[in-house]
Amino acid sequence: MSYFVFKKLGITDLEYTSIILHLIDCLVVYPRGAIKGVLVKVDKFIFLTDFAILDIKVDEDVPIILGWPFLSICDLLVEVR
């Protein structure tokens, strides 16, 4: 989740994290922190998930990205071109 979206949601509890993300374009990103135990509604389902907070440009179409723990339970088909 971007830091902008994090601030917009008004969440104040940002925890320290030692996560290091290696992105597809070979960038190494150090998150500002993490938030844990956030309820996310996708269609009619509600999931409890954690987010790493990143200083990244906000994508208006996709404001948050749900990672592998979510994707592994939703029978996802990823199309790569």
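Any residue at all in region 59-78 that's modelled with pLDDT of 70 or more and in contact with a Pro (Cβ under 9 Å, 6 or more places away or on another chain)?
Checking region 59-78: not a single residue is modelled with pLDDT of 70 or more and in contact with a Pro (Cβ under 9 Å, 6 or more places away or on another chain).
Is it the case that some residue within region 22-45 is over 18 Å from F4 (Cβ atoms), modelled with pLDDT of 85 or more and surrounded by 10 or more Cβ atoms within 10 Å (Cβ to Cβ)?
Checked region 22-45: at least one residue is over 18 Å from F4 (Cβ atoms), modelled with pLDDT of 85 or more and surrounded by 10 or more Cβ atoms within 10 Å (Cβ to Cβ).
Kindly evaluate D50 against the criterion of being among the charged types (D, E, K, R), in a loop (DSSP other than H, G, I, E, B) and either without any contact (Cβ under 8 Å) to a residue 60 or more places away in the chain or loosely packed, with under 15 Cβ neighbours inside 10 Å (or both).
It is false that D50 is among the charged types (D, E, K, R), in a loop (DSSP other than H, G, I, E, B) and either without any contact (Cβ under 8 Å) to a residue 60 or more places away in the chain or loosely packed, with under 15 Cβ neighbours inside 10 Å (or both).
Please determine, by comparing only the residues of region 1-21 that are out of contact with any Gly (no Cβ under 9 Å at 6 or more places or on another chain) and part of a strand (DSSP E or B), which one is least open to solvent (accessible area, probe 1.4 Å).
So, considering only residues that are out of contact with any Gly (no Cβ under 9 Å at 6 or more places or on another chain) and part of a strand (DSSP E or B), the one least open to solvent (accessible area, probe 1.4 Å) is S2.
The values are calculated or read from the model by the stated rules, or taken from the named source; none is laboratory data. None of the values given here were measured: they were computed from a predicted structure. For neighbour counting, all protein chains shown are included, and Cβ atoms are generated from backbone atoms with ideal geometry for every residue, glycine included. Note: accessible area is taken over every heavy atom of the protein model, side chains too, but ligands, DNA and RNA are not part of it. Shrake-Rupley method; radii C 1.70, N 1.55, O 1.52, S 1.80 Å.
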